[in-house]
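*Asks:* Got a structure for you, questions after.
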Amino acid sequence: MSRPAVLPIGLDLARTAKTCGRAFDDALAEAGGSQPVWLILISLKTGQHDNQRELAEAVGIQGATLTHHLNAMESDGLVTRRRDPANRRVHLVELTDAGDTLFHRLRTAAVAFDQRLRAGLSAEEVAELARLLARLRDNVS
């Protein structure tokens, strides 16, 4: 079987995403967090998602996995959970002061990582990359 003349774009994209994802994980870990924690914190901080079901959808993880992360975050004093008085089946999640502090620390790490990713790229190249990535998403959805 012969090698393809050109590396398949999906393989190159998957490798790049994996490399960037690991590097982002490392940057967040150095700041005391992780990608799931960062996604949960940013969703809570923006105030768009305050119950577990909405958080799971926003973060893109299963409810049981979210519960696992929230259990750890609650144990670490980053969030509190309480039942919604209007619907006792719904758990509301709120940031604590410690969660807010971690959010700001992770935001600093995320901004620094974004600057690292953009190194050597012009604004036009970043815009073109965003356009191309959107086209790839559209091609497979």
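The values are calculated or read from the model by the stated rules, or taken from the named source; none is laboratory data. All of these numbers come straight from a predicted model, not from anything done at the bench. Methodologically, a virtual Cβ is constructed for each residue, glycine included, from the backbone with ideal geometry; neighbour enumeration extends over all protein chains shown. Calculation scope for accessible area: heavy atoms of the full protein, side chains included, ligands and nucleic acids excluded. Shrake-Rupley method; radii C 1.70, N 1.55, O 1.52, S 1.80 Å.
*Asks:* Tell me whether region 40-50 contains one or more residues that are under 10 Å from the mean Cα position of the chain (by Cα), within 14 Å of residue 109 (Cα to Cα), open to solvent by less than 60 Å² (accessible area, probe 1.4 Å) and among the polar types (S, T, N, Q).
*Replies:* No, because not a single residue in region 40-50 is under 10 Å from the mean Cα position of the chain (by Cα), within 14 Å of residue 109 (Cα to Cα), open to solvent by less than 60 Å² (accessible area, probe 1.4 Å) and among the polar types (S, T, N, Q).
*Asks:* Considering only residues of region 70-106 that are surrounded by 15 or more Cβ atoms within 10 Å (Cβ to Cβ) and without any contact (Cβ under 8 Å) to a residue 24 or more places away in the chain, which is farthest from residue 36 (Cα to Cα)?
*Replies:* Residue satisfying both the conditions and the ranking: 96.
*Asks:* I need the full set of residues from region 55-69 which are exposed (fewer than 15 other Cβ atoms within 10 Å of the Cβ) and either at pLDDT below 90 or under 13 Å from residue 41 (Cα atoms) (or both), in order please.
*Replies:* Residues satisfying the conditions are 57, 60, 62, 63, 64.
*Asks:* Just give me the residues in region 51-66 being of a type in the set (A, V, I, L, M, F, W, C) and either part of a loop (DSSP other than H, G, I, E, B) or touching a residue at least 40 places away in the same chain (Cβ under 8 Å) (or both), in sequence order.
*Replies:* 61 - this is the single residue of region 51-66 that is of a type in the set (A, V, I, L, M, F, W, C) and either part of a loop (DSSP other than H, G, I, E, B) or touching a residue at least 40 places away in the same chain (Cβ under 8 Å) (or both).
*Asks:* Please list, ordered by first then second residue, the pairs with beta carbon atoms under 8 Å, 6 or more apart or interchain, first in region 17-36 and over 23 Å from residue 55 (Cα atoms), second of a type in the set (A, V, I, L, M, F, W, C) and open to solvent by 60 Å² or more (accessible area, probe 1.4 Å).
*Replies:* 20/117
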